[in-house]
Amino acid sequence: MSGIKFLLNRYKSITGHYPTTEQGLAALVAQQLEPVSMYGGRTVLDSMPKDLWGNDYVYRCPGKKNPDAYDLFSAGPDGIADTADDDWGK
């Protein structure tokens, strides 16, 4: 998860903002070139990252927990966001 956070900060340093919830982490994937093409025409991920249980990470911007930035977490083993087993990577 720390790698994804690094890439989100890199994205923000280029665009001035984090990807929206609608854009999601797909904004960091090589096939997704909007709204910015990073690293001289290439973005930074080859595919969507998965958590330890093989599920997509939950990304929200603005975040519910972090309204001035974003929320990024794993929905945990049950795969359902906003439940007791969510993993915020702390």
Quiz item: Could you say whether any residue in the stretch 71-80 is at pLDDT 95 or above and surrounded by fewer than 12 Cβ atoms within 10 Å (Cβ to Cβ)?
Solution: no
Self-check item: Contacts under 7 angstrom Cβ, first residue in the stretch 47-76 being in contact (Cβ under 8 Å) with a residue 40 or more places away in the chain and closer than 14 Å to His17 by Cα, partner surrounded by fewer than 19 Cβ atoms within 10 Å (Cβ to Cβ) and β-branched (Val, Ile, Thr), 6 or more apart
Solution: Cys61/Thr20; Cys61/Thr21
Quiz item: In the stretch 20-36, is there at least one residue being surrounded by 14 or more Cβ atoms within 10 Å (Cβ to Cβ), over 10 Å from the mean Cα position of the chain (by Cα) and modelled with pLDDT of 95 or more?
Solution: no
Quiz prompt | Residues of the stretch 5-21 satisfying the condition of being under 13 Å from Asp71 (Cβ atoms), touching a Phe, Trp or Tyr at 6+ places or on another chain (Cβ under 7 Å) and in a helix (DSSP H, G or I) | solution = Leu8
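The values are calculated or read from the model by the stated rules, or taken from the named source; none is laboratory data. What you see is a predicted model, and the numbers here were worked out from it, not measured in a lab. Every residue, glycine as well, gets a Cβ built from its backbone with ideal geometry; the counts of neighbours run over all protein chains shown.
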